[in-house]
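Novice: This is the structure, below, for whatever I ask next.
The values are calculated or read from the model by the stated rules, or taken from the named source; none is laboratory data. Since the model is a prediction, treat every value here as computed from it, not as a measurement. Backbone-built Cβ (ideal geometry, glycine too); neighbour counts: all protein chains shown. Ligands, DNA and RNA are stripped out before the accessible areas are found, and what is left, the full protein with its side chains, is counted by its heavy atoms. Shrake-Rupley method; radii C 1.70, N 1.55, O 1.52, S 1.80 Å.
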Amino acid sequence: MWRGEWVPAGGLVLLDVYGQNHDELLWGDPYAFRPRRLLGRPAGRDELIPQGGGDPATGHRCPGEGLTVGVLEALAARLARMEYRVPEQNLTIPLHRVPTRPRSGFLMADVR
Ligand code: HEM
């Protein structure tokens, strides 16, 4: 028994990464792309969990999270300075792939 839930011995418990990151109660309008929602109130360790929850030293949280966030920080600043256009493409994300990516990848084109 864990927090009122019965878990059989040897049972498999999966962290619902997608469900947590799209929880209406936590995020309000969770499908809207609104990164500013985290301004002034950074997400807690186990709130926004694209790379798993808990402590990577003692659990299965992704140990590459620091590296990933560092690369994204450097890339976001460079992308913000670049001029490009985003042509028509298929940005839907298949949920049966791990890791997943937009169906068309992400195509960028010269503005000229
Ligand atoms: C966008 C990038 C990434 C995403 C979304 C991601 C996501 C995840 C997730 C969801 C897990 C499973 C956590 C769990 O069991 O609950 C995981 C595990 C893992 N990730 Fe990542 N990851 C990313 C990048 C990386 C990078 C860059 C590295 C290595 C440099 C890495 C190495 C690992 C390893 C070794 C595990 C297994 C940890 C374990 O089971 O103890 N990941 N990742």
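Novice: Compute the longest continuous run of the chain that contains no exposed chymotrypsin sites (Phe, Trp or Tyr not before Pro); treat a site as exposed when its DSSP state is not H, G, I, E or B and it has at most 10 other Cβ atoms within 10 Å.
Specialist: Formally, the longest exposed-site-free interval is 34-105.
Novice: Then there is this: For T58, T100, write out the residues from largest to smallest accessible area, computed with a 1.4 angstrom probe and no ligands counted.
Specialist: So, going from the largest accessible area down, we get T58, T100.
Novice: Oh, and also: Hey, in the GNM for the chain with a 10 angstrom Cα cutoff, which one of L26, L95, L12 fluctuates hardest?
Specialist: For the chain, modelled as a Gaussian network with Cα springs under 10 Å, the answer is L12.
Novice: Segment 17-81: D in µm²/s via Stokes-Einstein (Kirkwood Rh, Cα pairs, 25 °C, 0.890 mPa s)?
Specialist: 184
Novice: How much area per residue is accessible in the chain when the probe is 1.4 Å and only protein heavy atoms are counted (Å²)?
Specialist: About 85 Å² of surface per residue is accessible.
Novice: In a GNM of the chain with a 10 Å cut-off on Cα contacts, which of P87, P99, P56 has the highest mean-square fluctuation?
Specialist: So, out of P87, P99, P56, the one fluctuating most is P99.
Novice: Would you kindly state the longest site-free stretch of the chain, with sites defined as GluC sites (Glu not before Pro) in a DSSP loop (not H, G, I, E, B) surrounded by at most 16 other Cβ atoms within 10 Å?
Specialist: Longest stretch, sites excluded: 1-46.
Novice: Cα convex hull of the chain: mean projected area in nm², to one decimal?
Specialist: Average projection, Cα convex hull of the chain: 10.1 nm².
Novice: For helix 65-81, report the angle its Cα long axis makes with the longest principal axis of the Cα atoms of the chain; keep it between 0 and 90° and round to the nearest 10°.
Specialist: Roughly 20 degrees, rounded to the nearest 10.
Novice: Ignoring any ligand, DNA or RNA, what whole percent of the accessible area of the chain comes from carbon and sulfur when the probe is 1.4 angstrom?
Specialist: 61
Novice: For the chain, with a Gaussian network of springs between Cα atoms less than 10 Å apart, report the residue from L15, L91, L72 with the top mean-square fluctuation.
Specialist: Checking each option, the largest mean-square fluctuation is seen for L91.
Novice: What's the FRET efficiency of A74 with F33 using the Cβ-Cβ distance as r and R₀ = 25 Å, to the nearest 0.05?
Specialist: The calculated FRET efficiency here is 0.75.
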